[in-house]
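Q: Sharing a structure, written as structure tokens. Questions coming.
The values are calculated or read from the model by the stated rules, or taken from the named source; none is laboratory data. This structure is a prediction, so every number in the text was calculated from the model and none was measured. Neighbour counts are summed over all protein chains in view; Cβ atoms, including those assigned to glycine, are modelled from backbone coordinates with ideal geometry.
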Amino acid sequence: MKSTIKWITGALVIAGIIFALSPGPGHLIDNPGAWELREQFVFLTGVSALSLMVLSMIISVRIPWVNHQMKGLDKAYVVHKWTGIFTTILMVFHWLGEKVPHWLVESGLIADPGELTDSSSFSDMEIGLFQSGVILVEWIFYVVLILVIIALFKKIPYRIFRKTHKIFPAVFLLAAYHGATAQLKEHWLTTPGGYLLLLLVAIGVAAAFISLFQRIGASRKINAIISQLGNPQDGILDLRLSTGQKPFFHRPGQYAFLRFEHDNELHPFTIASSGDDPYTLRFAIKSLGDFTAALTDRIQAGQQVQVEGPYGEFVFQSSSKRQIWIAGGIGITPFLARLEQLANQKETRQPIDFWYSTRTDKQTMFPDSLEDLCQQSGVTLYHLNSSQKQYLTAQMLHEVVGSFQHVSVWFCGPADFADCLLTGLSAYDFDKRDFHYDDFAMR
């Protein structure tokens, strides 16, 4: 959450700088009345909301450098979510700042101040641009509220969320138009703030067009062919892809978006192969929802799959002297990739304890070659069967490794499982910065 606060604060600081370099503060100093305060409040909340919307648009186009700065695309999506929430809150304040004073005047509770702006100082074109932006933003506000409600309430089906979410770039363009024209009301273009605002708008518009023209991740996409389909074991489909003549380079622990012939949507899956062979990709896909449940019946060898990536910072790189791996169910996939790499290297750089929790006995866990793979790579495997009430705790980890100093934990599994472990680890002075995980909550 600290990272999310940092990025949102950064966007708000940019908005504050733009406002500070606009005519607004000077107008407020010259006329420190309630109506002028309200006027500048509307401008400040509007610029702040627009700055957050630009940040949201930048995140949505999946720029590798931005993803790296945010510690992975999964963490970037968390920032994206909270950016949307804070944008909505600021838009509500912006809307109330504009509407409430007029309602109070109409109800007779406060006096009508008359015209607050001398319209004679504006050209007809400036007035037309400003008024058209105001009319558009009224509808934008209501549309954004509906879209945010759909995004936040998970009881609304994901397919509806995906379809409605695609409207956001177009909505942003309308909001950007309002932001660019609203400043005409106070001649912002006579100050640096006006030009900085236009630059901010231009960045967001560029990201919006990348999204609308479906160019997100274009340079990171390749076409592959399904070369092999393993029989589902414990509800897990073992999928192998061949990239033909074009290599797909990745590191163990990363993931990619897949688009199958029967479905136009992208779906994220962790890559289960090490990357030593850049022409072959492996994915272990658990039947967890409508799409993955039907996948076995919808695909077959020889079909084409579009692969976009790789993404993710869950790459097992740390300065720790010892690593603890924890997998819950299908969370085994990133560790399979790393195990394969270590087995090929014939050595490990530090001791690794691998805790694997499943709902089955050790003899039937996926994959059946896991024990041999761990032995070849020098990784110590611990298996827990949750159906037999065998649950991993921080105390169990402590009994094996002793002190958690210079120990990093790499976790892939249910969020509740992670929260429980972190709570327990806090009792042993564990540094949470050494707890690495991927958050696949795309909503």
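Q: Could you please let me know if residue 194 is farther than 24 Å from residue 312 by Cα and out of contact with any strand residue (DSSP E or B) (no Cβ under 8 Å at 6 or more places or on another chain)?
A: yes
Q: Residue under question is residue 204, and the condition is that it be modelled with pLDDT of 95 or more, of a type in the set (Gly, Ala, Ser) and under 17 Å from residue 129 (Cα atoms); does it hold? Please lay out each step first, then the result.
A: Values: modelled with pLDDT of 95 or more: yes; of a type in the set (Gly, Ala, Ser): yes; under 17 Å from residue 129 (Cα atoms): no.
It is false that residue 204 is modelled with pLDDT of 95 or more, of a type in the set (Gly, Ala, Ser) and under 17 Å from residue 129 (Cα atoms).
Q: Name the single residue that is surrounded by the most Cβ atoms within 10 Å (Cβ to Cβ) among those in the range 195-214 being without any contact (Cβ under 8 Å) to a residue 40 or more places away in the chain and of a type outside the set (Phe, Trp, Tyr). Steps first, answer last, please.
A: Filtering the range 195-214 for residues without any contact (Cβ under 8 Å) to a residue 40 or more places away in the chain gives 195, 198-199, 202, 205-206, 213-214.
Checking the rest, the ones that are also of a type outside the set (Phe, Trp, Tyr) come to 198-199, 202, 205-206, 214.
Working: 198: 16, 199: 10, 202: 13, 205: 18, 206: 14, 214: 9.
It comes out as 205.
Q: If you don't mind, there's one more thing I want to ask. Would it be correct to say that residue 195 is closer than 30 Å to residue 22 by Cβ, modelled with pLDDT of 95 or more and of a type in the set (Phe, Trp, Tyr)? Write out each step before concluding.
A: On the way: closer than 30 Å to residue 22 by Cβ: yes; modelled with pLDDT of 95 or more: yes; of a type in the set (Phe, Trp, Tyr): yes.
Criteria met by residue 195.
Q: Report whether or not residue 55 is in a helix (DSSP H, G or I), surrounded by 23 or more Cβ atoms within 10 Å (Cβ to Cβ) and touching a residue at least 40 places away in the same chain (Cβ under 8 Å). Can you show your working first?
A: Details: in a helix (DSSP H, G or I): yes; surrounded by 23 or more Cβ atoms within 10 Å (Cβ to Cβ): yes; touching a residue at least 40 places away in the same chain (Cβ under 8 Å): yes.
When the stated conditions are applied, residue 55 passes them.
Q: Turning to a different aspect of this structure: Can you name every residue in the range 330-350 that is within 23 Å of the chain's Cα centre (by Cα) and over 23 Å from residue 278 (Cβ atoms)?
A: 330, 331
Q: Out of the residues in the range 421-432 that are surrounded by fewer than 16 Cβ atoms within 10 Å (Cβ to Cβ) and outside any helix (DSSP H, G or I), state the one that is modelled with the highest pLDDT.
A: Per the stated criteria, the residue is 431.
Q: Any residue that is within 27 Å of the chain's Cα centre (by Cα), at negative phi, aliphatic (A, V, I, L, M) and at pLDDT below 95 - is there at least one of those in the range 295-310?
A: There is at least one residue in the range 295-310 that is within 27 Å of the chain's Cα centre (by Cα), at negative phi, aliphatic (A, V, I, L, M) and at pLDDT below 95.
Q: Same structure again: Just wondering, is there one or more residues in the range 246-258 that are under 30 Å from residue 151 (Cα atoms), surrounded by fewer than 17 Cβ atoms within 10 Å (Cβ to Cβ) and not assigned by TED's automatic domain parsing to the domain that holds residue 88? Quick ask: steps written out before the conclusion?
A: Step one: filter the range 246-258 for residues under 30 Å from residue 151 (Cα atoms), giving 253-258.
Restricting the remaining residues to those that are surrounded by fewer than 17 Cβ atoms within 10 Å (Cβ to Cβ) gives none.
Within the range 246-258, none of the residues are under 30 Å from residue 151 (Cα atoms), surrounded by fewer than 17 Cβ atoms within 10 Å (Cβ to Cβ) and not assigned by TED's automatic domain parsing to the domain that holds residue 88.
Q: State all residues of the range 73-116 that are in a loop (DSSP other than H, G, I, E, B) and out of contact with any Phe, Trp or Tyr (no Cβ under 7 Å at 6 or more places or on another chain); if no residue qualifies, say none. Walk me through how you get there before you give the answer.
A: Here is the first cut: in the range 73-116, the residues in a loop (DSSP other than H, G, I, E, B) are 107-116.
Selection gives 107, 108, 109, 110, 111, 112, 114, 115.
Q: Another question, if that's okay. So, in the range 59-75, exactly how many residues are within 27 Å of residue 137 (Cβ to Cβ) and surrounded by 20 or more Cβ atoms within 10 Å (Cβ to Cβ)?
A: Residues flagged as within 27 Å of residue 137 (Cβ to Cβ) and surrounded by 20 or more Cβ atoms within 10 Å (Cβ to Cβ) within the range 59-75 amount to 2.
Q: Can you find, within the range 36-61, the residue that is nearest to residue 172 (Cα to Cα) among those that are of a type in the set (Ser, Thr, Tyr) and within 14 Å of the chain's Cα centre (by Cα)?
A: Of the residues in the range 36-61, the ones of a type in the set (Ser, Thr, Tyr) are 45, 48, 51, 56, 60.
Now drop any that are not within 14 Å of the chain's Cα centre (by Cα), which leaves 56, 60.
Working: 56: 10, 60: 12 Å.
Across the range 36-61, the extreme among qualifying residues is 56.
Q: With the requirement that a residue be touching a helix residue (DSSP H, G or I) at 6+ places or on another chain (Cβ under 6 Å) and either part of a loop (DSSP other than H, G, I, E, B) or under 16 Å from residue 54 (Cα atoms) (or both), what does the range 20-39 give you?
A: 21, 22, 23
Q: Which condition breaks for residue 47 when tested against (1) at pLDDT below 95; (2) under 27 Å from residue 211 (Cβ atoms)?
A: Unmet condition: (1).
Q: Ok, one more. Taking residue 223, is it farther than 25 Å from residue 410 by Cα and either touching a helix residue (DSSP H, G or I) at 6+ places or on another chain (Cβ under 9 Å) or modelled with pLDDT under 95 (or both)?
A: Numbers: farther than 25 Å from residue 410 by Cα: yes; either touching a helix residue (DSSP H, G or I) at 6+ places or on another chain (Cβ under 9 Å) or modelled with pLDDT under 95 (or both): no.
No: the conditions fail for residue 223.
Q: Is there any pair with a first residue in the range 178-190 that is among the basic types (Lys, Arg) and a second that is part of a helix (DSSP H, G or I) whose Cβ atoms are under 7 Å apart and which are 6 or more apart or on different chains, and what are they?
A: 185/130
Q: Which residue is surrounded by the most Cβ atoms within 10 Å (Cβ to Cβ), if the candidates are limited to the range 1-44 and must be of a type in the set (Lys, Arg) and either within 21 Å of residue 181 (Cβ to Cβ) or at pLDDT below 95 (or both)? Give the derivation first.
A: From the range 1-44, those of a type in the set (Lys, Arg) are 2, 6, 38; that's our starting set.
Filter again for either within 21 Å of residue 181 (Cβ to Cβ) or at pLDDT below 95 (or both), leaving 2, 38.
Values: 2: 7, 38: 15.
Ranking the candidates gives 38 first.
Q: Sticking with this structure for a sec: Return only the number of the condition from (1) under 21 Å from residue 315 (Cβ atoms); (2) buried (at least 20 other Cβ atoms within 10 Å of the Cβ); (3) at pLDDT 95 or above that residue 435 does not satisfy.
A: If we test residue 435 against (1) under 21 Å from residue 315 (Cβ atoms); (2) buried (at least 20 other Cβ atoms within 10 Å of the Cβ); (3) at pLDDT 95 or above, just (2) comes out false.
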